[in-house]
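Right, one structure below, let's go through it.
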Amino acid sequence: MNEAELPSLDPSRFETMLDFERWRRFDRSLRRGAALMEGRTLVHVNSTMNGGGVAELLSSVLGYLLGARICSRWLVVEGTEEFFVLTKRIHYLLHGKEGDGGDLGPAEAELYQSVLAAEFVPLAEQIKPGDVVILHDPQVVGLAPQLRDLGAYVIWNCHVGADVPNEHSRRAWDFLLPAASRAHAQVFSRAQYEWDGLEAGRVVAIPPCIDAFSPKNQAMGRDQVDGILAATGLSGQPRTGAATFTRVDGSRGQVFRTTKVIEECPLPPGAPVVTQISRWDPLKDHAGVARSFAEGVPLELGAHLVLAGPSPEAVADDPEGATTLDELWDCIASLPASIRSRVHVACLPMQDTEENAAVVNALQRRSDVVVQKSLAEGFGLTVAEAMWKARPTVASAVGGMQDQISNGVSGVLVDDPEDGCAFGVAISDLVRDRSRADALGEAARASVVDNFLAPRYLSRYLELIASVMAA
């Protein structure tokens, strides 16, 4: 069991970003939460500090609770290689996909429970009756019964699911339901992900959020963007601007680690850039993005494709990353030379997660179009991140991306995630029509302000904790 270091962040920085009524509600919610949690600790538990939306969420928003004098901690289970192979299988099944086709029988249950039993020992020493523990995703929901027996208030947050449940998702439900039902409340990113077999009055849908002030989302000027991309080797150009960013604690950060880029030619300075940034997960369909770009984006547009993700060895709970990356390289190698020269695969260094976030920020802001061609998706915060930066976004109409994008208003949704032709056409249209692309981007940013910033997320969670305690 490891603990992530959390900064204390001043929630009042949102006062100038929100309208008066939104800010007043947020401030009141924090004050009530601080009174409610006096003498208690709010503990979040998940399976990785690096990579993926949950780690991104926790690393940014929990600091605002500390800043509001709500004692908060973030603990991370270590697990084993066999454990994470099993939980990855569950991950696929919850998405409604077959995954590796492996079993979820007595042997798997014993493996799952034995690993979490070992993790519970150090966790139990840090939890006292009346504390609130929030467990994130299937990797740690098995801790719910023991934590409840300790006298903690337990909430389980499931960030993944299937738009339409099927035999695969129900297999995962059956495996996890005994533990999940012991939590005092169950939170899902979307109402569509809620399970059968849970008590209706204890189930709630709370979409995740982004932090507008984090290194991944903070404002950047064009010189700063160019400087960061040059410093990390993504632009292929000499550095002209300052490769700096503001860290979470307010200090100045410097981008200096080099990104591993697989490319035949450097990215030209003025070329239109199409980008997908996500973990190297088969469900993100990076190879499908490359094929869509090759088949549907004409050469005369001069566009280049950047596929970026974390160095696969840095994401502990995702054992398939390296294999997925190898398969992507094989796919790109099979493309015609005229296409290969316009495709760039970037493995972003993860030694410093804030530096990594600043590089992602700069790359999104350099992009003319951002793509998220997921075959299945939990919520897809990479979409909200791009929308916050007023980037026109093309995404699959799956999972939470349907909740973030209003098709034709704040972005473009493609009904069939495997329709590469439709993705190519949508990308090409936005590269050609800059005025439409800009209009979609502006509407996208306004939507994020209304729906997907930290104040709304934290307020809803504090309301849920109050209701759990009252019940």
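The values are calculated or read from the model by the stated rules, or taken from the named source; none is laboratory data. Keep in mind it's a predicted model, so treat the numbers as computed, not measured. Because the Cβ atoms are built from the backbone with ideal geometry, glycine has one as well, and the counts that use them run over all protein chains shown. What goes into the accessible areas is simple: the full protein's heavy atoms, side chains included, and nothing from ligands, DNA or RNA. Shrake-Rupley method; radii C 1.70, N 1.55, O 1.52, S 1.80 Å.
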For segment 411-437, pairs from a residue that is under 20 Å from residue 304 (Cα atoms) and of a type in the set (Ser, Thr, Tyr) to a residue that is open to solvent by less than 20 Å² (accessible area, probe 1.4 Å) and in a loop (DSSP other than H, G, I, E, B), with Cβ under 9 Å and 6 or more apart or across chains, are 428/297; 428/303
Which of the following residues is under 25 Å from the mean Cα position of the chain (by Cα), loosely packed, with under 15 Cβ neighbours inside 10 Å and assigned to a helix (DSSP H, G or I): 82, 56?
-> 82
Those residues of segment 226-246 which are under 30 Å from residue 458 (Cα atoms) and buried (at least 17 other Cβ atoms within 10 Å of the Cβ), in sequence order | 245, 246
Residues 229, 234, 198: which one is among the hydrophobic types (A, V, I, L, M, F, W, C), out of contact with any Asp or Glu (no Cβ under 7 Å at 6 or more places or on another chain) and over 29 Å from residue 310 (Cβ atoms)?
-> 198
Among residues belonging to segment 425-471 that are among the hydroxyl-bearing types (Ser, Thr, Tyr) and under 29 Å from residue 132 (Cα atoms), point out the one that is surrounded by the most Cβ atoms within 10 Å (Cβ to Cβ).
-> 461
Evaluate segment 94-101: report whether one residue or more is crowded, with 24+ Cβ neighbours inside 10 Å and at pLDDT 95 or above.
-> no
Give me a count of the residues in segment 1-26 that are assigned to a helix (DSSP H, G or I), touching a residue at least 60 places away in the same chain (Cβ under 8 Å) and out of contact with any Ser or Thr (no Cβ under 7 Å at 6 or more places or on another chain).
-> 5
Answer yes or no as to whether residue 224 is in contact (Cβ under 8 Å) with a residue 12 or more places away in the chain and in a strand (DSSP E or B).
-> no
For residues in segment 398-412 being over 17 Å from the mean Cα position of the chain (by Cα) and open to solvent by less than 30 Å² (accessible area, probe 1.4 Å), which is nearest to residue 283 (Cα to Cα)?
-> 412
Within segment 31-48, how many residues are aliphatic (A, V, I, L, M) and surrounded by fewer than 21 Cβ atoms within 10 Å (Cβ to Cβ)?
-> 3
Quick check: is even one residue across segment 386-409 β-branched (Val, Ile, Thr) and out of contact with any helix residue (DSSP H, G or I) (no Cβ under 7 Å at 6 or more places or on another chain)?
-> yes
Answer yes or no as to whether residue 23 is aromatic (Phe, Trp, Tyr), within 29 Å of residue 193 (Cα to Cα) and crowded, with 17+ Cβ neighbours inside 10 Å.
-> no
What's the number of the condition residue 143 fails, among (1) at pLDDT 95 or above; (2) farther than 18 Å from residue 47 by Cα?
-> (2)
When every residue in segment 59-79 that is part of a loop (DSSP other than H, G, I, E, B) and modelled with pLDDT of 95 or more is compared, the one least open to solvent (accessible area, probe 1.4 Å) is 70
Among (1) closer than 27 Å to residue 119 by Cα; (2) touching a residue at least 40 places away in the same chain (Cβ under 8 Å); (3) out of contact with any helix residue (DSSP H, G or I) (no Cβ under 7 Å at 6 or more places or on another chain), which single condition is residue 166 missing?
-> (1)
Could you run through segment 448-461 and say how many residues are more than 18 Å from the chain's Cα centre (by Cα) and polar (S, T, N, Q)?
-> 1
If the Cβ limit is 7 Å and pairs must be 6+ apart or interchain, which residue in segment 288-303 that is within 16 Å of residue 417 (Cβ to Cβ) pairs with which residue that is surrounded by fewer than 16 Cβ atoms within 10 Å (Cβ to Cβ) and of a type outside the set (D, E, K, R)?
-> 295/421; 296/421
Enumeration of residues in segment 109-151 that are part of a loop (DSSP other than H, G, I, E, B), crowded, with 21+ Cβ neighbours inside 10 Å and in contact (Cβ under 8 Å) with a residue 60 or more places away in the chain | 127, 131, 137, 139, 140
Can you name the condition, by its number, that residue 253 falls short on among (1) surrounded by 22 or more Cβ atoms within 10 Å (Cβ to Cβ); (2) modelled with pLDDT of 95 or more?
-> (1)
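Condition first: hydrophobic (A, V, I, L, M, F, W, C) and closer than 23 Å to residue 329 by Cα. Now tell me which residues in segment 343-368 satisfy that.
343, 345, 346, 347, 348, 350, 359, 360, 363 - these are the residues of segment 343-368 that are hydrophobic (A, V, I, L, M, F, W, C) and closer than 23 Å to residue 329 by Cα.
Scanning for something among the basic types (Lys, Arg), touching a residue at least 24 places away in the same chain (Cβ under 8 Å), on the phi < 0 side of the Ramachandran plot and surrounded by fewer than 24 Cβ atoms within 10 Å (Cβ to Cβ), does segment 367-378 turn up at least one residue?
No, because not a single residue in segment 367-378 is among the basic types (Lys, Arg), touching a residue at least 24 places away in the same chain (Cβ under 8 Å), on the phi < 0 side of the Ramachandran plot and surrounded by fewer than 24 Cβ atoms within 10 Å (Cβ to Cβ).
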In the set 180, 200, 219, the lone residue that is small (Gly, Ala, Ser) and in contact (Cβ under 8 Å) with a residue 12 or more places away in the chain is 180
